[in-house]
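Every number in this text was worked out from the coordinates using simple rules, so none of it is lab data. All values derive from a computational prediction rather than experimental measurement. Positions of Cβ are generated from backbone atoms using ideal geometry, with glycine treated the same way; all protein chains shown enter the neighbour counts.
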């Protein structure tokens with residue numbers, strides 16, 4: 001009976017599957033756990049939880065020592081995103097299960113719940129649990145799932161080299177898994193391996209043509225390579241699929257800016273700053289688009305908005321200060337230009353900025369002397 005459930009309730013399916021609540025039967029623990037098993041098999045996670053909890057209560061000490069029951073209850077709780085309760089049940093099950101497959105399933109389930117919870121230290125807890133699961137991975141399916149789960153933990157921890165290693169193993173074992181391919185592409189990308197990243201993103205789209213993470217990351221990759229036509233093509237698709245995602249729309253605006261299609265850049269970036277008014281980088285990008293289009297007044301306003309939010313001492317802040325100073329100088333507002341150039345030099349005293357300071361000081365001197 002336990003083995004049957006393990007075949008029909010794969011641990012990998014730790015995603016919410018909401019269904020109508022089940023009803024606990026009369027307090028016969030044997031009937032209750034069977035009803036819980038049937039609910040789990042049919043995807044009725046609420047019925048699974050209600051019946052298995054009732055079985056534990058009705059069965060007393062004998063049932064409380066049944067590792068399979070705690071394991072299955074933990075899996076059903078995880079599917080409903082009741083993560084703390086799921087962890088508690090799965091931790092209890094760890095000390096009670098005996099079969100290798102059950103040891104693998106409990107530890108793999110724990111790792112996946114820790115990944116999904118994502119609190120401080122949870123990715124390290126996931127790695128520890130999954131390393132324990134790996135000791136009981138007795139067949140190719142389990143080994144592939146082990147590599148995927150371990151790779152995901154390193155991926156979300158942003159340990160990209162470890163993510164590449166384990167997700168690469170998972171991709172070999174799970175050749176049709178689009179999620180693995182996409183995450184492997186992203187891990188390569190963040191590691192600076194753009195050619196490998198591109199191959200894996202394209203592999204993802206061959207498996208799932210509408211995978212928006214792969215579409216977006218291809219857009220990012222081409223944007224970094226300054227291939228603006230390709231970047232706009234992918235990022236435009238990504239925005240159509242997720243129009244409320246302002247991070248993607250900001251990148252699309254940058255793509256249009258790079259292509260010198262300033263009206264399209266402004267249209268995209270205005271939507272970003274209207275939705276995310278504290279996004280300093282979007283304000284900065286919008287300022288650059290206005291400046292390039294010759295709209296100095298809006299460029300100054302956008303740069304000053306950016307300076308309200310860009311991190312003190314950052315390269316982006318130094319860039320915004322230099323750019324607003326340049327526009328001030330162009331419009332004869334030399335005192336404002338000098339102050340902004342000096343603030344930029346305090347962050348990044350490069351020769352371009354120090355030369356600009358001397359140039360503006362000379363203009364102020366001449367303006368005051370009337371020459």
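Using the Cβ-Cβ distance between residue 366 and residue 296 with R0 set to 30 Å, the FRET efficiency from 1/(1 + (r/R0)^6) comes to roughly 0.85. With springs only between Cα atoms under 10 Å, which of 218, 96, 235 fluctuates most in a Gaussian network model of the chain? Maximum among the listed residues: 96.
D by Stokes-Einstein for the range 197-279, Kirkwood Rh over Cα pairs, 4 °C, 1.567 mPa s: 102 µm²/s. In the range 327-371, inverting the average of 1/r over every pair of distinct C-alpha atoms gives 10.5 Å as the Kirkwood radius. Each of 195, 314, 147 was scored by other Cβ atoms within 10 Å of its Cβ. Arranged with the fewest first, they read 195, 314, 147. Counting only DSSP H runs of at least 4 residues, each contributing -39500 (n - 2.57), and dividing by the residue count of the chain, the helix-based mean residue ellipticity at 222 nm comes to -25000 deg cm²/dmol. Assuming a ≥ b ≥ c are the square roots of the Cα gyration tensor eigenvalues, decide whether the range 134-216 counts as rounded (a/c under 1.5), prolate (otherwise, with a/b larger than b/c) or oblate. Note, shape of the range 134-216 comes out oblate.
As a rough footprinting exposure proxy, the listed residues 309, 303 were ranked by other beta carbons within 10 Å of their own, and the order from fewest upward is 309, 303. Using C-alpha pairs under 8 Å with a sequence gap of at least 6, the mean separation divided by the residue count of the chain gives a relative contact order of 6 percent.
Exposure proxy ranking for 75, 246, based on other Cβ atoms within 10 angstrom of each Cβ and starting from the fewest, stands as 246, 75.
Measure nothing but the geometry: give the 0 to 90° angle between the long axis through the Cα atoms of 246-259 and the longest principal axis through the Cα atoms of the chain, rounded to 10°. That helix lies at roughly 40 degrees to the long axis. In the Gaussian network model of the chain, springs joining C-alpha atoms below 10 Å, which of 275, 176, 45 carries the largest mean-square fluctuation? Maximum fluctuation in the GNM of the chain, among the listed residues, is at 275. Using a Debye calculation, one point per C-alpha and no hydration shell, please list log10 I(q)/I(0) for the range 270-334 at q = 0.22 Å⁻¹ in order. Log-scaled intensity ratios, in q order: -0.81. Taken over the alpha carbons of the range 134-284 as equal point scatterers, the Debye sum produces base-10 log I(q)/I(0) values at 0.14, 0.17, 0.21 Å⁻¹ of -0.71, -0.93, -1.19.
Here is the size of the chain from its Cα atoms: Rg then Dmax, 28.4, 101 Å. When both the range 135-178 and the range 59-77 are represented by their alpha-carbon centers, they are found 28 Å apart.
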